[in-house]
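Notes follow the structure.
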Amino acid sequence: MTAHQLRSRNWFGRTDLDGFVHRSWLKTEGFSDLVFDGRPVIGIANSWSELTNCNAHLRQVADAVKRGVWSAGGFPLEFPTISLGEVLMKPTTMLFRNLMAMDVEECVRAYPLDAVVLLSGCDKTTPAMLMGAASADIPAIMVTGGPMLRGKWRTEELGSGTDAWRLWAERRAGRLSDEELCEAESCMSRSSGHCMVMGTASTMASMAEALGMTLPGNAAIPAPDSRRLAQAELAGRRAVEMALAGGPKPSEILTAQALDNAIRADMAIGGSTNAIIHLVAIAGRVGVPLPLSRFDELSRTTPFLVNLRPSGKYLMEDFFYAGGLPAVMKELLPLLHGDALTVNGRTMAQNVRDARCDNEDVIRPLGLPLAPEGGTVILSGNLCPDGAVLKQSAASPHLLVHRGRAVVFEDHADLHRRIDDPSLAIDETAILVLKHVGPKGAPGMPEWGAAPIPARLLKQGVKDMVRISDARMSGTSYGTVVLHVAPESAIGGPLALVRDGDEIELDVPRRSLTLRVADEELARRRAAWRPRPPHFTRGYGRLFLDHVLQANEGCDFDYLRGRTPVRAEDTAGPSHT
Ligand code: FES
């Protein structure tokens, strides 16, 4: 039963020349008249790409979605979006997240779609699709590609990213041979899917589920597990129901309550610091104010429950077997807005009421957490007037309160030129400061924040140091790393003024980051400071530099915040000559 006029009827239900053209041209694909009988058209936005290894299996997932759409009486049409492959795309996928969000939004708006299924996987593809769908605001449901199976090397289980960084540090310290490293390389990625630690992809899949934009249980099902395809089929069926009912739309799901639920989930799972930027950007699309202070408020009152790398011990496959995100949400229910609506038309509380935890070492009960507070904290102080982020669950406890002298690197190239220079005056008490790696500085705010420890110190057994930058960090990384310093150094934020030897104080319990330099001296340095020339003067890069917001505002483009909901009347009028 259709509760409203389907938007696609403006294309296919017409008796004029436009209707003739729309139907006739699509028949080149071999469709019969049957598909134009008034059934809803379901777009399948697919970020499949062989350049995005994490999403390379999404054609198969799309086939399962189509199966569901056909079986529920819909008409599926798959279309490609640009894809953002975290490891191959340079300088960083974050430079292109907003471009992908625009791609999704405008395709959804321009084509005859009544609902859309969003297929994502690798880090930025999930938030980009959620942002685009939120702005277009037609019924949308997400299916993520799922994590890889556990890596396995000899007797060791390997987590993507996290163990790559660890093994590389071992190699630099001379404790691992080239042959061993090469062997481990093949053992780490043994199936389709995205990184299988609680990195950014796993975190954002969990955020999509916690926001209510996926069916329950979506985030943790391993990519090669047949249950992921079954879930995709169900999502296709559900998209048809949503199209017929005209909702729920993203604006009904992505509410302040849903965002609170997602933040609590992020804190409980020890999620990637990147989630903070993406959730702020998503909130901006639906007009929900989300200052960084909200993350810290919820972090202080949300226990850390999920024992996954890089903060803990296990991998996503273990998380799935333990009960996945529904088991976490059930534990968190006393802290959640249980009545938040989700894409299946039920509330979060209804969805997770019967969830079960099958391994309490992987998912701890609320009363027996791994830590009393959430994984991520927000810092403030004169070095970061608009905030900074630190993942305390992946940091070294002995460095959470630390005073040290700055060793400053002006940019990424400077860091790599000098970090292993034997003459570099540095010991484990120093604080590494890296500039010009923020949204405009690098540009695109690459994941360069977990700067390498000097090899000389690694060989002495030093495993962690305080590092501060305006960059992001891979969700798979670990260490006492202060990130997202805002405003960034490239636009003259206080980070730009730090010099070698300055004293910096980090106090995580007090949430403070302080540059111990007199105000008069900082004023002198500021007067002498000059910005660098822009990285781009044309093309998309120019657009990015002109419009990107700072990290505390989600790094969206200023003019993309908010929604322009798709309306039926937008589609009227001939598109041919
Ligand atoms: Fe795609 Fe890690 S590289 S999720």
**Q.** Distance between region 151-198 and region 340-371 - C-alpha centres, whole angstrom
**A.** 31 Å
Q.
Please report the antiparallel percentage of DSSP beta bridges with both residues in region 287-404, rounded to the nearest 5.
A. 90 percent
Q | Accessible area of GLU170 in the full protein assembly, 1.4 Å probe (Å², nearest 10) | A | 50 Å²
Q | Fully extended contour minus Cα-Cα distance, from HIS547 to ARG510, at 0.36 nm per residue | A | 10.0 nm
Q. Hey, what angle do you get for helix 519-528 against the long axis of the chain, alpha-carbon based, 0 to 90 degrees rounded to 10?
A. 70 degrees
Q | Helical contribution to [θ] at 222 nm, DSSP H n ≥ 4, -39,500 (n - 2.57), averaged over the chain, rounded to 500 | A | -10000 deg cm²/dmol
Q | Largest-first ordering by accessible area, 1.4 Å probe, given options TYR540, TYR559, TYR478 | A | TYR559, TYR478, TYR540
Q: Using only alpha carbons, build the gyration tensor for region 238-342 and give me the equivalent ellipsoid semi-axes, biggest first, whole Å.
A: 25, 19, 13
Q: With unit charges on the beta carbon (Lys/Arg positive, Asp/Glu negative), name the residue among GLY246, PRO334, MET204 whose Cα is farthest towards the positive pole of the charge dipole of the chain.
A: GLY246
Q.
Suppose a student asked you for the relative contact order of the chain, using Cα pairs under 8 Å spaced at least 6 residues apart; what percent would you report?
A. 15 percent
**Q.** region 162-234 - Rg and Dmax from Cα coordinates, angstrom
**A.** 16.4, 50
Q: Over 19 Å, how big is the tail of the calculated P(r) for region 1-58, in percent of all Cα pairs?
A: 46 percent
Q) Label point 7 Å out from HIS416 along Cα-to-Cβ: which residues of region 449-489 have amide N under 15 Å? A) 449-453
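Work out, in µm²/s and without decimals, the Stokes-Einstein translational diffusion coefficient of region 365-419 at 37 °C, 0.692 mPa s, Rh from Kirkwood over C-alpha pairs.
Roughly 230 µm²/s, to the nearest whole number.
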Q. Can you give the Rg to Rh ratio for region 517-567, taking only C-alpha atoms and Rh from Kirkwood?
A. 1.20
Q: Report the relative contact order of region 305-348, percent, no decimals, based on alpha-carbon pairs under 8 angstrom and at least 6 residues apart.
A: 21 percent
(Q) From the C-alpha coordinates alone, can you work out the Kirkwood hydrodynamic radius of region 186-313, in Å? (A) 15.8 Å
Q.
Please give me the summed charge of the neighbours of LEU51: other residues whose Cβ is under 13 Å from its Cβ, Lys and Arg +1, Asp and Glu -1.
A. -1
(Q) Can you compute the modelled spin-label distance between ALA518 and ARG59, with each label point 7 Å from Cα toward Cβ, in nm? (A) 6.8 nm
Q: With the cut-off at 14 Å, report for region 388-428 the share of all Cα pairs above it, as a whole percent.
A: 63 percent
Q: For region 232-292, just the Cα set please: Rg and Dmax, both in angstrom.
A: 14.0, 38
Q.
Could you tell me how far the Cα centroid of region 468-503 sits from the Cα centroid of region 290-306, in Å?
A. 21 Å
(Q) Let me check something: with ligands and nucleic acids excluded, how do ARG499, ARG109 order by accessible area (1.4 Å probe), largest to smallest? (A) ARG499, ARG109
Q) Nearest-5 percent of antiparallel DSSP beta bridges in region 80-199? A) 35 percent
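With both partners inside the chain, how many of the DSSP beta bridges are antiparallel, as a percent to the nearest 5?
Working: 24 of 53 bridges.
About 45 percent, rounded to the nearest 5.
Cα convex hull of region 473-530: how many Å³ per residue? Each step should come with its number before you reach the end.
Values: hull volume 6.5 nm³, N = 58.
It comes to 112 Å³ per residue, whole-number rounded.
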Q: Compute the semi-axes of the equivalent ellipsoid of region 57-202, taking the square root of 5 times each eigenvalue of the Cα gyration tensor, and list them largest first in whole Å.
A: 36, 18, 10
Q) Taking the Cα centre of the chain as origin and charging only Cβ (+1 Lys, Arg; -1 Asp, Glu), how large is the dipole, in debye to the nearest 20? A) 220 debye
Q: Enumerate the whole-percent occupancy of each 20 Å bin, from 0 to the last occupied one, for all C-alpha pair distances of the chain.
A: 22, 53, 22, 3
Q.
Regarding region 456-564, what's the average projected area of the Cα-atom convex hull, expressed in nm²?
A. 10.9 nm²
Q) Based only on the alpha carbon positions, what is the Kirkwood hydrodynamic radius of region 24-94, in angstrom? A) 13.8 Å
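The values are calculated or read from the model by the stated rules, or taken from the named source; none is laboratory data. Here the structure is a predicted model, which means the values were calculated and not measured. Counting neighbours? That spans all protein chains shown, and the Cβs are built from the backbone with ideal geometry, glycine included. For the accessible areas, the whole protein counts, side chains as well, though only heavy atoms, and no ligand, DNA or RNA atoms are used. Shrake-Rupley method; radii C 1.70, N 1.55, O 1.52, S 1.80 Å.
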